[in-house]
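Structure first, commentary second.
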Amino acid sequence: MNSNPVYLALDLPRLDAAEALARKVSGHIGGIKLGLEFFCAHGHHGVHELHKLGLPIFLDLKLHDIPNTVAGAMQAIHVLEPAIVTIHAAGGRAMMEDAKAAAGENTKVVAVTVLTSLDGGDLNAIGVNAEPHEQALRLADLAHSAGLDGIVCSGHEVGAVHQQWKDGFFVVPGLRPDTGGNGDQKRIMTPRAARDAGASVLVIGRPISRAEDPLAAARAIEATL
């Protein structure tokens, strides 16, 4: 893993635009996060193209299905050599165990706990009678017992999870600089605060990709770390 914890979320519909942006800020980020929008648009070819930049690739696919299907999906992406892959902790222990067993030797498998776009009201609406903090810690325990490398959680939960899982690998999205807007995120934090709380990887997208000057934005975020 690169010593710079910032992974740029490159969920852009055009491959040439994604490549140009990543190349522009490559000296000030530690890796590239490719999510569903990118992967559905460009598939293996797009990932191979961005590998040419020499940065670790984080495939944020949030796999969630029966254990056999998720294991098969993990095997299908071996050739892409991702540094990190996400699955959903809500898929259960057996799914997580099978996903980890099927992953490449150098791939960290991390489980999404509670999406940063959700708050307590959203969880209640889908039948989860717990606040995001409580639910994230519960799913973190399950991911740990399933043998995963770590979890995805908001900056508000990472400190508590880090206390109970000292050697865990923690991916934190929903980060915004002091000057950034919230967008569709409900549980946000600054990159520096999340890093101080124990985050291993800081996922940052729109504050860089939609900035008037993405290079200046990436430099400014890096400077706070």
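The values are calculated or read from the model by the stated rules, or taken from the named source; none is laboratory data. Keep in mind it's a predicted model, so treat the numbers as computed, not measured. Glycine gets a Cβ as well: all are built from the backbone with ideal geometry, and neighbour counts include every protein chain shown. Ligands, DNA and RNA are excluded from the accessible area calculation, which covers all protein heavy atoms including side chains. Shrake-Rupley method; radii C 1.70, N 1.55, O 1.52, S 1.80 Å.
Close contacts from the range 129-151, counting a first residue that is of a type in the set (S, T, N, Q) and a second that is open to solvent by 40 Å² or more (accessible area, probe 1.4 Å) and modelled with pLDDT of 95 or more, with Cβ to Cβ under 9 Å and a gap of 6+ residues or different chains, come to S145/R93. For the range 49-58, the condition of being within 21 Å of L21 (Cα to Cα), in a strand (DSSP E or B), touching a residue at least 24 places away in the same chain (Cβ under 8 Å) and within 17 Å of the chain's Cα centre (by Cα) holds for at least one residue. Within the range 32-48, the set of residues being farther than 25 Å from M95 by Cβ and assigned to a strand (DSSP E or B) comprises I32 only. For the range 114-139, the set of residues classified as open to solvent by less than 40 Å² (accessible area, probe 1.4 Å), of a type in the set (A, V, I, L, M, F, W, C) and under 20 Å from G150 (Cβ atoms) consists of V114, A136, L137, L139, listed by residue number. Looking across the range 62-73 at every residue that is aliphatic (A, V, I, L, M) and either open to solvent by 20 Å² or more (accessible area, probe 1.4 Å) or within 12 Å of T107 (Cβ to Cβ) (or both), the one that is nearest to the chain's Cα centre (by Cα) is identified as L63. Among the residues of the range 213-224, those identified as at pLDDT 95 or above and open to solvent by 70 Å² or more (accessible area, probe 1.4 Å) are D213, R219.
The set of residues in the range 157-172 being in a helix (DSSP H, G or I), open to solvent by less than 10 Å² (accessible area, probe 1.4 Å) and aliphatic (A, V, I, L, M) consists of V158, V161. Of the residues making up the range 42-60, at least one is open to solvent by less than 40 Å² (accessible area, probe 1.4 Å), in contact with a strand residue (DSSP E or B) (Cβ under 9 Å, 6 or more places away or on another chain), closer than 24 Å to R138 by Cβ and among the charged types (D, E, K, R). Tell me, yes or no, whether the range 74-90 has at least one residue that is open to solvent by 40 Å² or more (accessible area, probe 1.4 Å), on the phi > 0 side of the Ramachandran plot and acidic (D, E). Yes: one or more hits.
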